[in-house]
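All remarks here apply to the structure that follows.
The values are calculated or read from the model by the stated rules, or taken from the named source; none is laboratory data. Small disclaimer: the values here were computed from a predicted structure and weren't measured. Cβ: placed from backbone, ideal geometry, glycine included. Neighbour counts: every protein chain shown. SASA here: full protein model, heavy atoms, side chains in, ligands and nucleic acids out. Shrake-Rupley method; radii C 1.70, N 1.55, O 1.52, S 1.80 Å.
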Amino acid sequence: MKHLLLTRFQGALIGGNIIYLDRHQITPNQLILDTNPTLISKINSLIDRGKFEPQDWLQHVLPDISNSEQAIVAMLPIMLFFHDDRIKLREVLINISHGWQLDWETCSSAVAIGYIISRSLTESFNPRTIISQLLDEMTNLHPLIFQELSTLDRLLDRASSLHQITQRLATTPHPIVTSTILAIYCFLSTPEDFSLATHRVARIEDRSQLTCALTGMLAGAHNSLTGMPLNGYIATQERAQWLSLAQRLLSAWAGVDLHHGSSSHTYLLAVASPQVIQRRG
């Protein structure tokens, strides 16, 4: 594998935490900070139970969600936990959206982001074909996001500029869809460069915290923690906690108890066949 699955989990969780105003000025992403308690509780739910339990999330996580932006960010643990089964991932994201009474556009945006993260984590990501694969596999997307993704695919083929993309999206009526498309563009136009992808988001006029967060998640999952600039990593608040949560979430996905028998001993384990990390069976 190009990057360890653990460092990809870490990259996705930490990537959304920061905003690059410029190479010398990096600030915390307030949306992530506000959503931190929800993210942590959801990750711990997956870790403690070793599986997704809809009723638990509906009863104990929903009350902490105050808007659609927080909701789509709060789905990141699910995107990581079900990354190896895109059909199941889509099903769970839709069920969560229905339980939280999110609109169809937000649900479709979450499915699109989750799909790209899944492709990165399973080493099946190709920036030239990812959007067409997404549209083929993830059926029942909202017509608006389906249309915008189709248009984005053509504009990427033409090497369209960020200015052209933002002009194209200026009349899009749904802000979540706009943030999703901009994040996907900034990532796909420079997929191997975490720093450049996130710097470009900072250049968008009236950029949103959500656009920055989604771009950081996509770029972080693909380039992993090792591909993140040191200054961005250092600027991340409570980064030790995120690193620990990523490790424990990976262990829950793999079916390995890192703290078996004693909370004072932690063992970094992996369950794998040659070249492919798999869920423990």
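Computed quantities for the displayed model
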{"quantity": "Apportionment of accessible area to carbon and sulfur, the chain, percent (1.4 Å)", "calculated": "50 percent"}
{"quantity": "Exposure rank, largest accessible area first [ARG90, ARG203; 1.4 Å]", "calculated": "ARG203, ARG90"}
{"quantity": "Selected from SER161, VAL73, PRO173, residue furthest toward positive end of dipole (the chain; charges at beta carbon)", "calculated": "SER161"}
{"quantity": "Charge dipole (debye, nearest 20) of segment 2-52; +1 at Cβ of Lys and Arg, -1 at Cβ of Asp and Glu", "calculated": "300 debye"}
{"quantity": "Unit charges on C-beta of K, R, D, E only; dipole of segment 123-232, Debye", "calculated": "280 debye"}
{"quantity": "Per residue accessible area of segment 37-124, 1.4 Å probe, in Å²", "calculated": "37 Å²"}
{"quantity": "Whichever lysines have a C-alpha closer than 16 Å to that of LYS42, once near sequence neighbours (fewer than 8 apart) are set aside", "calculated": "LYS51"}
{"quantity": "Computed Kirkwood radius, in angstrom, where 1/r is averaged over Cα pairs of the chain", "calculated": "18.7 Å"}
